[in-house]
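Enquirer: I'd like to ask some things about the structure below.
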């Protein structure tokens, strides 16, 4: 067997690599399990307070990176305009620090908005689709685009790339007035009124 392997240098090299790789692989696997670290729970809690607009106004590429920066002491809690004063207060309570006024350098607090594409003016360039951080815009090249209002976070990152300026940021509908329920459809117009639905005096008669 040894003579056969000696006559096959390529096979000998492969066997040598396998012999070295197996123990090192086992060692790395053990180290990965033995020294595994769980995610920082405070980051998850901070991220849960942030509005998840992924707008980047805080100076970070998304809410999660901003949460990590806050947890690491690299960012203040007042850099998120969409979260506003309520968000700052919630972060201050969580971290047991004094609340700070919203940093105007990162923007101003405003009502939540939703992007609206004037579809008759859309040229189908897909630039807004590429800019949307939450995939809330539907559309293909040279086809009309539209916004999924329920998914839009109001980050307005789609507005600037639009070459024909056909995207408006409109106030998001809130409250019960924005809800719509389907009314029950009667099977027939000739509906018989049962005794319990009739006037009590008529029912008694």
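FYI, it's all coordinate maths here, none of it is from the lab. Computed from a predicted model, the values in this text were never measured in an experiment.
Enquirer: List the equivalent ellipsoid semi-axes of segment 41-106 in whole Å, largest first, each obtained as the square root of 5λ for an eigenvalue λ of the Cα gyration tensor.
Expert: Values: eigenvalues 43, 39, 22 Å².
Taking √(5λ) for each eigenvalue gives 15, 14, 10 Å, largest first.
Enquirer: Per q in 0.11, 0.20 1/Å, what log10 I(q)/I(0) does a Debye calculation on the alpha-carbon atoms of segment 23-160 return?
Expert: Debye curve over Cα of segment 23-160, log10 I(q)/I(0) at q = 0.11, 0.20 Å⁻¹: -0.54, -1.08.
Enquirer: Further question: Considering segment 113-173, what Rg and Dmax in Å follow from its alpha-carbon atoms?
Expert: Just the Cα atoms of segment 113-173 yield Rg and Dmax of 10.1, 30 Å.
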